[in-house]
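Inspection log for the structure reproduced underneath, given as structure tokens.
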Amino acid sequence: MVLVGNKSDLGSRSVESRQAQELARGYGVPFVETSAKTRQGVEEAFYSLVREIRRYKETNRSNKKSKKSTQRRCTIL
């Protein structure tokens, strides 16, 4: 998961950047501010999401490997 703040090009904000950063830190996820109008941060948001997905998959892959090695199997010949 990635927390994305949009419309960063506007002067007025509903949520301050600091508040969003603290929320993202609380959830343990990256925070990226974006503006579709100026294209600021849009690519970074997608790259951050891809990195998070890869990290999640790698964590699950290593967990599955460790579970497989501890499981016992019965073989009938």
- Check residue 19 against each of (1) at pLDDT 90 or above; (2) surrounded by 12 or more Cβ atoms within 10 Å (Cβ to Cβ); (3) not in a helix (DSSP H, G or I) and name the one condition it does not meet. (3)
- Query: Can you find even one residue in region 39-48 that is at pLDDT 90 or above, assigned to a loop (DSSP other than H, G, I, E, B) and out of contact with any Gly (no Cβ under 9 Å at 6 or more places or on another chain)?
  - Reply: yes
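The values are calculated or read from the model by the stated rules, or taken from the named source; none is laboratory data. Being a predicted model, the structure only gives us computed values, none of them experimental. Heads up, the Cβs are rebuilt from the backbone with ideal geometry, glycines too, and the neighbour counts pull from every protein chain shown.
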